[in-house]
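Here is the structure we will look at.
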Amino acid sequence: MKDNTVVNGNVEIYTDNIYQYADEYISSLNKPEDIYKKQCFAGMIKYISNKIKPIIDIDDLVLLDNLWNIYTSLCYKYNHVITIERYCMLINIHRDTFYSWYKGETRNNYCVELSSSRSDIVKKWDRESESSWQDEASTGNPGPMFVLKARRGWSEQAPAVGMSEERMLQRTEDQIAADYGVQRALPDDIQPDF
């Protein structure tokens, strides 16, 4: 049985072509166990990226979300930290484009199928990446904590749960308003309950 197939009756099938490409790359390695090394894993992501490049449509949020889910499942399976940079490599965009979507500066369209804006979806991906770094930092490896400090504003003294709340407290009124949209007044016949 290939590493990325499921059994349906007596037949092994791939649930997505990306998993087939992952197995192709792994089988090309002199030592398949090298996939657990960072450089080989990054090489696999690049290999997959080259295979799927013709079908990538950055306007299709459902496709991008599905690709995120496949990418993260490969990270979990092969014990690698989820990085925004590798995902950007997979979908062939610059990291600045990702953060532009995050801030809602460009292409902040609403996706009915996902019931979210592009910015909200990208923020969900970013939180999962941060959580992956947090998990890796909890193993005692100092590298992930360095990344969390340098890129995410973390401190070793602050509890991990409080970091998100603390960052929310440092946001400006305009940043918060941008996340929640225009506030409407209550109709005249409804009185607040306070």
Problem set entry | Selection count, the range 131-171, where residues are part of a helix (DSSP H, G or I) and at pLDDT 65 or above | 18
Problem set entry | Any hit, the range 65-72, residues being open to solvent by 10 Å² or more (accessible area, probe 1.4 Å) and under 16 Å from Ser132 (Cα atoms) | yes
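So, of the residues in the range 95-136 that are among the hydrophobic types (A, V, I, L, M, F, W, C) and free of Cβ contacts under 8 Å to residues at least 24 places away in the same chain, which turns out to be farthest from Tyr76 (Cα to Cα)? Write out each step before concluding.
First pass over the range 95-136, keeping only residues among the hydrophobic types (A, V, I, L, M, F, W, C): 98, 101, 111-112, 114, 121-122, 125, 133.
Next, from what is left, pick out any that are free of Cβ contacts under 8 Å to residues at least 24 places away in the same chain: 101, 112.
On the way: Trp101: 25, Val112: 28 Å.
Step by step, filter the range 95-136, then rank; the result is Val112.
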Exercise. Within the set of pairs 6 or more residues apart or between chains, which connect a residue that is in contact (Cβ under 8 Å) with a residue 24 or more places away in the chain inside the range 19-37 to a residue that is assigned to a loop (DSSP other than H, G, I, E, B) and open to solvent by 50 Å² or more (accessible area, probe 1.4 Å) with Cβ atoms less than 8 Å apart?
Worked result: Ala22/Asp3; Tyr36/Asn79
Seminar exercise, completed: Subset of the range 8-33, residues open to solvent by 30 Å² or more (accessible area, probe 1.4 Å), modelled with pLDDT of 90 or more and not in a loop (DSSP other than H, G, I, E, B), comes to Tyr19, Gln20, Tyr21, Glu24, Tyr25, Ser27, Ser28, Pro32, Glu33
Problem set entry | Matching option when the condition is open to solvent by 40 Å² or more (accessible area, probe 1.4 Å), aromatic (Phe, Trp, Tyr), at pLDDT below 95 and not in a loop (DSSP other than H, G, I, E, B), among Tyr47, Tyr102 | Tyr102
Exercise. Can Cys88 be described as open to solvent by less than 20 Å² (accessible area, probe 1.4 Å) and modelled with pLDDT under 90?
Worked result: no
For this session: Working only within the range 75-94, note down all residues that are free of Cβ contacts under 8 Å to residues at least 24 places away in the same chain and either in a loop (DSSP other than H, G, I, E, B) or under 19 Å from Asn141 (Cβ atoms) (or both).
Result: Tyr76, Glu85, His94
Exercise. Taking the range 120-151, which residues are open to solvent by less than 70 Å² (accessible area, probe 1.4 Å), farther than 24 Å from Tyr180 by Cα and of a type in the set (Val, Ile, Thr)?
Worked result: Val147
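Quick one: which residue in Glu113, Glu128 is under 19 Å from Leu61 (Cβ atoms) and either of a type in the set (Ser, Thr, Tyr) or not in a helix (DSSP H, G or I) (or both)?
Details: Glu128 fails: either of a type in the set (Ser, Thr, Tyr) or not in a helix (DSSP H, G or I) (or both).
None of the other options fit; the residue is Glu113.
The values are calculated or read from the model by the stated rules, or taken from the named source; none is laboratory data. Fair warning: this is a prediction, and the values are worked out from it, not measured in the lab. Virtual Cβ from ideal backbone geometry, glycine too; neighbours counted across all protein chains shown. For accessibility, only protein heavy atoms count, side chains too; no ligands or nucleic acids. Shrake-Rupley method; radii C 1.70, N 1.55, O 1.52, S 1.80 Å.
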